[in-house]
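Okay, so here's the structure we're looking at.
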Amino acid sequence: MSTQLESRTQACVSTAWIILINKPFYPLYVWALIGAHAALLSCATLLLAPLYFVVPYLAHGTEWRARLALPLVGLGDTIYATKMIGPAAGTELFLLPCALLAIVGFSAREAFTCRVLVVVLYLVYAALHGRYGGPLQDWAPDELARLFSLNGFAVASLVAFIGLRFARVG
C-alpha cells in the first residue's frame, strides 16, 4: 500500500536523491579541473554517500526522522570531506545547505527541532573550524583555488535547488 508523503518530507527525499545522483560526478569534476592525483582522494568523499539512502528509507516510516536525518547526514558528510580534502578547498561551505535544510525541513509546529539542529550545526562549526588539521593531500595554491571555486559553485547550486524545491512546500 502506497502512502503520500507530507510535502516537506517529499522535498527532503528529492534533495537526498539529487545529492546521491550528483555525488559520483564530484571526482570527475576534480579530475577535469586538477588531474588524476586529486581525483583519487576525492573518490574517498563517496564513502559516506550511502548514508543519504537513509532519508528515503526513513520517509516511509517516520517522516520526522527522515527530515531530521538529511541535515545530520549532510553534517557528517561535510565534516568528513573537510578532513579529507581540507577546509581551504571550501568543503566546509556545505554546512550552509545543511543549515538551510534544518530551517526549511520543519514546520512552525516543529520549531524546537529546527532550533536544536541549527544550534548543533553552529556548535559543530565553531568547535571544528580551524581544527581539522592538514588535509590528506597537499594542494598547490592554484589547485586550492579551483577546488574552492568548484565547491562554492556546488554549494550555490544545492542552495538554489533547496530554495526552489521547498518553495512548493505548503
Query raised in the report: Any idea what angle helix 95-104 forms with the longest principal axis of the chain, computed on alpha-carbon atoms, 0 to 90 degrees, nearest 10?
Result: 10
Report task. Would you mind ranking I103, I21, I85, I162 so that the residue whose beta carbon has the fewest other beta carbons within 10 Å leads the list? Result -> I21, I103, I162, I85
Requested in this report: Show that you can apply the helix-only estimate: for the chain, add -39,500 (n - 2.57) for every DSSP H stretch of four or more residues, divide by all residues, and state [θ] at 222 nm to the nearest 500.
Outcome: -22000 deg cm²/dmol
Query raised in the report: Mind listing the Cα extents of the chain along all three principal axes, in Å, largest one first?
Result: 50, 33, 24
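Coordinate-derived values only; no laboratory data. For clarity, every value in this text was computed on a predicted model and none was experimentally measured. Note: ideal-geometry Cβ built from the backbone for every residue, glycine included; neighbour counts use all protein chains shown.
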